[in-house]
1. Describe numerically, in nm with one decimal, the distance between label points set 7 Å from Cα along Cα→Cβ at Leu66 and at Glu207.
2. Based on the Cβ-Cβ distance of Ser146 and Ile24, what FRET efficiency does E = 1/(1 + (r/R0)^6) give at R0 = 30 Å, to the nearest 0.05?
3. Pairs of alpha-carbon atoms within less than 8 angstrom and 6+ residues apart define the contacts here; what relative contact order does segment 101-257 have, in percent?
4. What does the extension gain come out to for Val138 and Phe120, with contour length at 0.36 nm per residue minus their alpha carbon separation?
5. Under 12 Å from the Cβ of Ser139, count the other residues' Cβ atoms, weight Lys and Arg +1, Asp and Glu -1, and hand me the total.
6. Report the FRET efficiency, 1/(1 + (r/R0)^6), for Val192 and Arg153, where r is their Cβ-Cβ distance and R0 is 51 Å, rounded to 0.05.
7. Please grab the % of Cα pairs in segment 116-190 that end up more than 21 Å from each other.
8. What is the spin-label model distance, in nm, from Ser15 to Val170 if the labels are put 7 Å beyond Cα along the C-beta direction?
Amino acid sequence: MSEVLKPIATWFVTSGIKIFGILIGVIVLFQMSKWIVGWLEKCVPGKDPLQAAEAKKRAQTLGNILRHALLIAILFIAALMILGELGIQIGPLLATAGIGAVAIGFGAQSLVRDVICGFFIILENQYRIGDVIQAAGVSGLVESISLRTTVLRDLEGKVHTIPNSEIKVVSNLSKEWSRCVLDIGVSYRENVDQVIDLLLEIGKELEREEPHKSAIMEPLQILGVERFGESELVIRMIVKTIPLKQWDIGRELRRRIKKLFDEKGIQIPSSHQVLVWGEPQSGGKS
């Protein structure tokens, strides 16, 4: 029995200890890579809050990708070392893997396109985790980005996974700053200058109050009369906000405008329908 256990014990003392050391090294290197990537994510400028937020988004996006790339590289190298300790020839495996990679490359051209497109999306900083974008016919908050896919979650909570090669045109709604654009319709009988003064008054009130004050980057602007509608005069106004706050500011502006217009007796036109029922009058002569 001792003769049978002796080779096993010898293997554990030599190759077994090495394999165990390799596994320990994988765990240590992976934890170190997580710490280093996490430290790099925190090294963002703090002088300008807006630039700091943008840098943090990009650092988080690049950090996730770098973390996965390091994990794959560490596991691949560790697997080769373990196979070598088990007495398996690595050279033929690498040659076979190379031939298989070529064959897979011909059969997975869409995957290659996804990876290339994902690389340039990240390199050009088109969007980051935490941005709201419109792409491939859907829109939502970017929850994750990899070299192959982009994952969005829309307002209803639906998750959309988009292959990066399907993203031909992307609209980023929250890069660096955002803008709230409102078209306010009033009756033709209203005094335009008075309406504009009231809108500016609402904008100044909003800029003095928190939490709206910290979300507004520039004072409200009235661009003027945008168009003549069938039953209304349309006045356009814009507000520059920090990213993702344009919708909150827009909702608050609409609430205050409706409230103040009601107080001042300013009419906001609405479409009306006239219903006619009954028998048509006879067109004949008596």
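1. 4.0
2. 0.60
3. After rounding, I find 20 percent.
4. Result: 4.4 nm gained on full extension.
5. Local charge sum for Ser139: -1.
6. Once the sixth-power term is evaluated, E becomes 0.75.
7. The proportion of pairs with Cα distances above 21 Å equals 32 percent.
8. 4.7
No value in this document is a laboratory result; all are computed from the given coordinates. Since this is a predicted model, take the numbers as computed values, not measurements. Positions of Cβ are generated from backbone atoms using ideal geometry, with glycine treated the same way; all protein chains shown enter the neighbour counts.
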